[in-house]
Each structure stands twice: as structure tokens, then as C-alpha cells.
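Since the structure comes first, as C-alpha cells, the remarks are kept for the end.
The values are calculated or read from the model by the stated rules, or taken from the named source; none is laboratory data. All figures in this text were calculated on a predicted structure; none of them were measured in a lab. Glycine gets a Cβ as well: all are built from the backbone with ideal geometry, and neighbour counts include every protein chain shown.
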Ligand SMILES: [Zn+2]
């Protein structure tokens, strides 16, 4: 508990950016009618090292994620609102945070984009019910709306308690507070700015 606070549970690996670049190319190919090329790029973005990175962060055996009893005192939970923010609240968070994880900085992709890709390319392994049959990059980069003070411990859906994150940062921290997880508050630094727009161009005409 005395170790210095970190930006994220585990530094991202370069293969995640590589996969993001391939996905961006896949969407560009799709939009120009090159469907075989788009399919091939989607498959190339399904990188084992990315899956390994995600799996190193979630699950009880993770050596990067927090474990043990909660130790910080937080207000008694009085939460009655829904845990999942509304679409309007989600849009507000993306307007502030863009399409990057506020902890580790990797690109993220909304579920609706992934769903669209699954329908467009049903023969590519885009999504299934269990982790091993989900596309490694789409799984890792799945946009989450994470409560800084966890919802189960009284955290609200207000923008000063919520950030856009990737799935491993969200599921890795689970219900631990930032302090318990040894993490700096990501709202105390600027979000990453870049050209990544979450593949939302898939919906552009
Ligand atoms: Zn992250």
C-alpha cells in the first residue's frame, strides 16, 4: 500500500496500437467497398498478445489487479440510480474523454460499433458468449463507463465520478477504490488527444 501511485494497473503493449491501426484500415476498406480486404484486416487485428494482455488484468489470479479486503472508508452506499449511465451521459463522457481509456490511454470502441461489425462480417470471429471466442482487440478495446468511486460503494453517475475506460482497466480494478488499487485519479490529468474516433466512421454515409 506504500508503493507510489500509478497511471494504470499495467502499461499497454504495442500490439494494441497495431490492432487499432488494422481495425481503422478495415473500416476504411469496408467504406470503399473492399469487403474481402476489410475481412482480412479484421482477422489480422485479432492478436493473441492483446488477448494475453487483457487476461493478465482481469480474473482472480491477476498479478496486476488489486486483491484482498477493501480498506478505505467511503460513504455508506445510498445509491439508487442505475449503474449503467444513460446514452446521453455516455455521450457527455466521450465528448470530454474522446475514445481513449482515461487510465492506460489505449483506443476504445463502443459496443454499437462492434455489433455493426459482427453483422457486416458474420464469418469473422467478432463476438461470442465467452472470452476465447471474442475478437481479442474488440474485447480489449471495449469502451466502458467506469465509476471512480465504484457504484457498489456509493459512487454516482455524475461526470466527476465517471471516466471512459477500456475493458481490462475497468474489470481489473473491480470494486476497489482508486486509493486501494494504487491508482492516480485520471481526472487530474489531461485525457489523451489523437485522431482515433472509436471507428465511429463506420456509421458515416
Ligand atoms: Zn485502459
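Annotation for the stretch 57-70: at least one member residue is part of a loop (DSSP other than H, G, I, E, B), without any contact (Cβ under 8 Å) to a residue 60 or more places away in the chain and under 19 Å from residue 165 (Cβ atoms). Only residues that are surrounded by fewer than 21 Cβ atoms within 10 Å (Cβ to Cβ) and more than 20 Å from residue 11 (Cβ to Cβ) were counted in the stretch 156-179, giving 9.
Could we say that residue 114 is more than 13 Å from the ligand (Cβ to nearest atom), surrounded by fewer than 16 Cβ atoms within 10 Å (Cβ to Cβ) and under 27 Å from residue 192 (Cα atoms) here? No, not satisfied.
Quick one: is residue 83 within 29 Å of residue 188 (Cα to Cα), modelled with pLDDT under 95 and in contact with a strand residue (DSSP E or B) (Cβ under 9 Å, 6 or more places away or on another chain)? Yes, satisfied.
Within the stretch 133-155, if we keep just the residues that are surrounded by fewer than 16 Cβ atoms within 10 Å (Cβ to Cβ) and touching a residue at least 24 places away in the same chain (Cβ under 8 Å), the residue that is farthest from the chain's Cα centre (by Cα) turns out to be 154.
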